[in-house]
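K.L.:
Quick one: the structure is below, questions incoming.
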Amino acid sequence: MRPNSWRRYCPNRWATSGSGEHVGGAPPRRIGRRGVPGMIHFSQVYKRYPNGHEALKRVTFQVERHEMVFLTGHSGAGKSTLLKLITMVERPTRGQLIVNDQNLSRLPVRRIAHFRRKLGIVFQDHKLLADRTVFDNVGLPLVVAGVDHREVGRRVRAALDKVGLLRKEKLYPITLSGGEQQRVGIARAVVNRPALLLADEPTGNLDPGLADEIMRLFYEFNLHQVTVLVATHDPRHLTSATGRVLELRGGELVRSGEENRV
Ligand SMILES: Nc1ncnc2c1ncn2[C@@H]1O[C@H](COP(=O)(O)OP(=O)(O)OP(=O)(O)O)[C@@H](O)[C@H]1O
Ligand SMILES: [Mg+2]
């Protein structure tokens, strides 16, 4: 996609950025650097699963609008749990969580689907529907949201263009490579023009070259003012990261606010 058409495609153009620095118990700010509320706000958040396992403990941080943030930590550290709290797949046991101006503890169950439409979510295994074409997979969130079919066509093609798959719209996922399938998953995540893009180990199943390609796409969305939070194990992405790195260890946030620039 050409830069201009991408700019039209992405509605979220507030001009602010910044890196929060909140580890442990310090109360985070709710207002970002330019007086705009942060995109993700965790205050003293705990998550205990029904079996008694405490997956997150006293997690406090803020992600500003338009930030690029990596979430890392050992296997079992709580990364997926943290993302599941943001997407409301799980509820916190304690603490306050505000996402895109929505206090999640006050969000009734019937509003969850509507809230999720404003998020873009990328999964490690991309979760594409095998019996639908690339076009239909990407367009599904718009169809579910009742968007007019001509607008669906426009937006799906814009999203596919962005991930470099415009020519593959009629194909079925099984005929695509792993990297291409993941790019379809990313197109589907951004087709709703989300203000916040979340990804849980999006490069976990890919070889290093393809993983870098996927990561470049996230940087590009971030350049166009989408807030991006990516959970990753991959140390290569963290050492070359220009975003902030949050690190969980045993459910506790042990690193926050660092910026590693190449
Ligand atoms: N539904 C659940 N019920 C009970 N315990 C759970 C549940 N989901 C996760 N856990 C536990 O919570 C801890 C954190 O899990 P989580 O999936 O968030 O880790 P992670 O950092 O994403 O790990 P990985 O890098 O392996 O994906 C783990 O010890 C896990 O076993
Ligand atoms: Mg995980």
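K.L.:
Can you tell me which condition ASP161 does not meet? The list is (1) without any contact (Cβ under 8 Å) to a residue 60 or more places away in the chain; (2) acidic (Asp, Glu); (3) outside any loop (DSSP other than H, G, I, E, B), and all the others hold.
P.N.:
Single failed check for ASP161: (1).
K.L.:
Another question, if that's okay. Identify, by number, the condition in (1) closer than 30 Å to GLY178 by Cβ; (2) away from ligand 2 (no atom under 13 Å from the Cβ) that PHE123 doesn't meet.
P.N.:
Answer for PHE123: the failing condition is (2).
K.L.:
I would also like to ask the following. For the condition more than 16 Å from ligand 2 (Cβ to nearest atom), closer than 30 Å to VAL134 by Cα and modelled with pLDDT of 90 or more, what is the one hit in VAL245, VAL191?
P.N.:
Values: VAL245 fails: closer than 30 Å to VAL134 by Cα.
None of the other options fit; the residue is VAL191.
K.L.:
Next question. Search region 79-102 for residues that are without any contact (Cβ under 8 Å) to a residue 40 or more places away in the chain and of a type in the set (A, V, I, L, M, F, W, C) and pair each with any residue that is in a loop (DSSP other than H, G, I, E, B) and away from ligand 1 (no atom under 13 Å from the Cβ) when their beta-carbon atoms are under 8 Å apart and the residues are at least 6 apart or on different chains.
P.N.:
So the pair list comes out as MET88/LEU107.
K.L.:
Taking region 68-85, which residues are among the basic types (Lys, Arg) and closer than 13 Å to VAL254 by Cα? Outline the logic, then answer.
P.N.:
Residues of region 68-85 that are among the basic types (Lys, Arg), as a first pass: 79, 84.
Passing the criteria: only LYS79.
K.L.:
A further question on this structure: Select the strands (runs of 3 or more DSSP E) contained entirely in region 169-251, then report the ones holding at least 2 residues which are surrounded by 15 or more Cβ atoms within 10 Å (Cβ to Cβ), more than 16 Å from ligand 1 (Cβ to nearest atom) and in contact (Cβ under 8 Å) with a residue 24 or more places away in the chain. Break it down stepwise before answering.
P.N.:
On the way: elements: 196-200, 227-231, 244-249.
The qualifying strands (runs of 3 or more DSSP E) are 196-200, 227-231.
K.L.:
Please enumerate the residues belonging to region 52-91 that are of a type in the set (A, V, I, L, M, F, W, C), part of a loop (DSSP other than H, G, I, E, B) and either within 12 Å of ligand 1 (Cβ to nearest atom) or in contact with an Asp or Glu (Cβ under 8 Å, 6 or more places away or on another chain) (or both).
P.N.:
Filtering region 52-91 for residues of a type in the set (A, V, I, L, M, F, W, C) gives 55-56, 59, 61, 63, 68-71, 77, 82-83, 85-86, 88-89.
Within this subset, residues satisfying the condition of being part of a loop (DSSP other than H, G, I, E, B) are 77, 88-89.
Matches in region 52-91: ALA77, VAL89.
K.L.:
Further question: So for region 109-119 (the condition being within 16 Å of ligand 2 (Cβ to nearest atom) and among the hydrophobic types (A, V, I, L, M, F, W, C)), does at least one residue qualify? Please lay out each step first, then the result.
P.N.:
Going through region 109-119, the residues within 16 Å of ligand 2 (Cβ to nearest atom) turn out to be none.
Checked region 109-119: no residue is within 16 Å of ligand 2 (Cβ to nearest atom) and among the hydrophobic types (A, V, I, L, M, F, W, C).
K.L.:
ALA231 versus (1) at pLDDT below 95; (2) within 14 Å of ligand 2 (Cβ to nearest atom): which is the lone unmet condition?
P.N.:
Looking at each condition in turn, ALA231 falls short on (1).
K.L.:
In this structure, is LEU129 in contact (Cβ under 8 Å) with a residue 12 or more places away in the chain and either under 28 Å from GLY251 (Cβ atoms) or within 16 Å of ligand 1 (Cβ to nearest atom) (or both)?
P.N.:
Working: in contact (Cβ under 8 Å) with a residue 12 or more places away in the chain: yes; either under 28 Å from GLY251 (Cβ atoms) or within 16 Å of ligand 1 (Cβ to nearest atom) (or both): no.
In short, no.
The values are calculated or read from the model by the stated rules, or taken from the named source; none is laboratory data. This is a predicted model, so every value here is computed, not measured. Glycine gets a Cβ as well: all are built from the backbone with ideal geometry, and neighbour counts include every protein chain shown.
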